[in-house]
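The values are calculated or read from the model by the stated rules, or taken from the named source; none is laboratory data. Computed from a prediction, not measured in an experiment: that's the story for all the values here. Ideal geometry is used to build each Cβ from the backbone, glycine not excepted, and the neighbour counts take in all protein chains shown.
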Amino acid sequence: MDVAIAVYQARREQVLAQLGETGVAVVFAAPERVRSNDTEYPYRPDSYLHYLTGFPEPGAMLLLDGRTRSSTLFCRNKDELHEIWNGFRYGPAAAKEAFGVDAAGSMDDWQSSFQAALPGHTQLYALWGRYPQHDTEIMAIWHEVRNMAAYRAAHGSTIAPTGLIDFSAILDGMRLVKDASEQALMRAAAEISAQAHIRAMQTTRVGQFEYQVEGEILHAFMQRGARSPSYNSIVAGGKNACCLHYVANGSALRDGDLLLIDAGAEYQMYAGDITRTFPVNGRFSAAQKAVYDVVLAVNEQSIAAIRPGADWQLISQAAVRLLTEGLVDLGLLHGRVDDNIETQTYRRFYMHGLGHWLGLDVHDVGGRFDAQGQAIMLAPGMVTTVEPGLYIAAAADIPTDFHNIGIRIEDNVLVTSTGHEVLTRSVPKSTAEIEALMLAR
Ligand code: GLY
Ligand code: MN
Ligand code: MN
């Protein structure tokens with residue numbers, strides 16, 4: 001399911017058109033990160049560099065020159081000794097062929113090439129703040145070019161950039177709408193994630209440790225071709241589910257508790273992000289089911305509202321209303337629904353948003369508002385999570401049946417031209433479906 005080189009070329013062309021004759025842009029590879037002494041975390045390429053090139057190695061940089069309308073990829077040189085110890089490197093010559101860039105160079109030379117590219121442009125685009133070391137390097141070079149009229153003249157122009165611009169202003173808008181190749185990869189990431197949740201439901205037993213369930217999930221990801229989770233898996237039994245980003249995954253699973261699993265596969269750089277909540281012993285208690293059905297109704301009604309032109313803010317507000325009504329019906333909030341919404345008492349039990357964009361990053365780029373502060377309406381090709389939840393910590397004013405019930409139900413939804421497609425639909429969601437699956441263990 002590899003993405004064709006032409007897709008990356010078309011994205012670069014689209015960027016170059018937006019840069020115009022006066023813009024020059026740079027994107028760097030992510031650095032490798034030390035895990036312990038001289039060993040690193042598994043390498044994860046930068047999402048932006050991947051989006052524009054598909055190039056998978058660290059020590060790389062893409063230069064997009066609006067004046068010459070060309071893209072140059074700088075990367076590490078071939079190195080026999082390094083390749084024996086640490087693996088294959090393309091090197092500039094092979095990289096130029098394989099990734100279809102106009103030119104390629106050694107990363108040893110990027111600074112002089114970048115410097116030579118500045119004269120003649122008025123705007124320098126970079127992902128400022130992303131890799132501070134590179135900010136320092138490009139600012140120093142830019143500053144030097146600003147101060148050296150003779151250098152500029154020698155490179156054919158009296159001008160150099162006066163505008164230092166955030167490149168994400170161009171790239172995030174492109175990444176927000178997924179093209180056909182991205183949609184195919186996201187469908188695969190979602191389906192792999194769904195199968196892993198099914199496996200977790202099938203294999204969970206009372207007395208297991210949370211990390212053992214995590215192991216089943218990672219196993220299912222890798223067996224289906226996803227080398228990595230798209231974020232640290234949350235496997236949270238009982239009260240641990242009331243900690244939103246619980247990743248310790250170190251407790252034993254207890255009879256009568258719920259298990260909340262928030263885990264997604266990363267498939268060819270694209271994220272799945274699913275949450276399901278199910279009983280460790282396979283049967284929901286009455287209180288657990290009552291809370292579950294409130295969250296499920298919000299999940300389903302929110303998804304039903306997703307279509308082109310829909311306003312995410314209104315969908316989120318409707319979710320708050322439904323959750324608050326549910327909390328009042330359950331006896332966990334008191335008084336009028338409107339008053340509880342007004343004073344935000346529901347936030348004790350629902351303290352996060354309804355969802356986020358999904359793509360190369362699990363919390364994908366772009367935000368819900370445009371550069372003018374206007375809400376972005378849903379449009380075909382956008383992918384959002386829908387993830388309502390209720391988290392009821394033990395407290396003196398809460399009936400004990402409800403203590404430590406933490407429930408989130410999260411799906412991944414593609415906006416289509418006619419409505420939506422639930423990418424994560426394979427994994428059971430109703431209490432009856434979940435109990436039936438677990439009964440068959
Ligand atoms: N897995 C993180 C989230 O759901 O936002
Ligand atoms: Mn999510
Ligand atoms: Mn999630």
Lone qualifier among GLY381, GLY373 - being farther than 30 Å from ARG283 by Cβ, part of a loop (DSSP other than H, G, I, E, B) and either aliphatic (A, V, I, L, M) or touching a Leu at 6+ places or on another chain (Cβ under 9 Å) (or both): GLY381
The range 224-243 - residue that is under 18 Å from the mean Cα position of the chain (by Cα) and more than 23 Å from GLY282 (Cα to Cα) and, of those, surrounded by the fewest Cβ atoms within 10 Å (Cβ to Cβ): ARG227
Which numbered condition TYR231 fails, given (1) within 14 Å of ligand 2 (Cβ to nearest atom); (2) out of contact with any Asp or Glu (no Cβ under 9 Å at 6 or more places or on another chain): (2)
Residue selected from the range 355-406 under the condition of a type in the set (Phe, Trp, Tyr) and within 16 Å of ligand 3 (Cβ to nearest atom), by the criterion nearest to LEU330 (Cα to Cα): TYR391
Selection within the range 273-287 - polar (S, T, N, Q) and either under 12 Å from ARG408 (Cα atoms) or within 16 Å of ligand 1 (Cβ to nearest atom) (or both): THR275, THR277
Odd one out for SER285, checked against (1) within 16 Å of ligand 3 (Cβ to nearest atom); (2) of a type outside the set (A, V, I, L, M, F, W, C); (3) out of contact with any Leu (no Cβ under 6 Å at 6 or more places or on another chain): (1)
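Listed here are the residues, each with its yes/no results for (1) of a type in the set (Phe, Trp, Tyr); (2) in contact (Cβ under 8 Å) with a residue 12 or more places away in the chain; (3) over 25 Å from SER106 (Cβ atoms).
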{"residue": "GLU21", "(1), (2), (3)": "no, yes, yes"}
{"residue": "PHE28", "(1), (2), (3)": "yes, yes, no"}
{"residue": "ARG33", "(1), (2), (3)": "no, no, no"}
{"residue": "LEU52", "(1), (2), (3)": "no, yes, no"}
Top-ranked residue in the range 2-14 [being at pLDDT 95 or above and over 15 Å from LEU73 (Cα atoms); ranked as surrounded by the most Cβ atoms within 10 Å (Cβ to Cβ)]: VAL7
Search result, residues across the range 388-408 that are surrounded by fewer than 22 Cβ atoms within 10 Å (Cβ to Cβ) and touching a Ser or Thr at 6+ places or on another chain (Cβ under 6 Å): none
Residue in the range 388-441 that is farthest from ligand 2 (Cβ to nearest atom), counting only those that are within 19 Å of TYR246 (Cβ to Cβ) and in contact with a Pro (Cβ under 8 Å, 6 or more places away or on another chain): ILE409
Every residue from the range 49-65 that is assigned to a loop (DSSP other than H, G, I, E, B) and among the charged types (D, E, K, R): GLU57
Criterion (closer than 30 Å to THR158 by Cβ, free of Cβ contacts under 8 Å to residues at least 24 places away in the same chain and outside any helix (DSSP H, G or I)) met by exactly one of THR68, THR72: THR68
First in the range 126-141 and in contact (Cβ under 8 Å) with a residue 40 or more places away in the chain, second anywhere and among the polar types (S, T, N, Q) and assigned to a helix (DSSP H, G or I), Cβ under 8 Å, 6 or more apart: LEU127/SER168
Close pairs (6 angstrom Cβ cut-off, 6 or more residues apart or separate chains): acidic (Asp, Glu) in the range 350-366, within 13 Å of ligand 1 (Cβ to nearest atom) anywhere: ASP364/TRP357; ASP364/LEU358
Qualifying residue in the range 122-133 (condition: crowded, with 18+ Cβ neighbours inside 10 Å, out of contact with any Gly (no Cβ under 8 Å at 6 or more places or on another chain), modelled with pLDDT of 95 or more and assigned to a helix (DSSP H, G or I)): no
Answer from TYR346, TYR350 - the residue that is outside any strand (DSSP E or B), within 16 Å of ligand 2 (Cβ to nearest atom) and more than 22 Å from GLU191 (Cα to Cα): TYR350
Yes/no for TYR270 being within 15 Å of ligand 2 (Cβ to nearest atom), among the aromatic types (Phe, Trp, Tyr) and closer than 27 Å to GLY207 by Cβ: no
Matching residues, the range 35-49, being in contact (Cβ under 8 Å) with a residue 40 or more places away in the chain and loosely packed, with under 13 Cβ neighbours inside 10 Å: PRO42
Test: residue in the range 309-316 that is surrounded by fewer than 17 Cβ atoms within 10 Å (Cβ to Cβ), aliphatic (A, V, I, L, M) and touching a residue at least 12 places away in the same chain (Cβ under 8 Å): yes
The range 204-219, subset farther than 19 Å from GLY256 by Cβ and either among the aliphatic types (A, V, I, L, M) or touching a residue at least 60 places away in the same chain (Cβ under 8 Å) (or both), residue farthest from ligand 3 (Cβ to nearest atom): LEU218
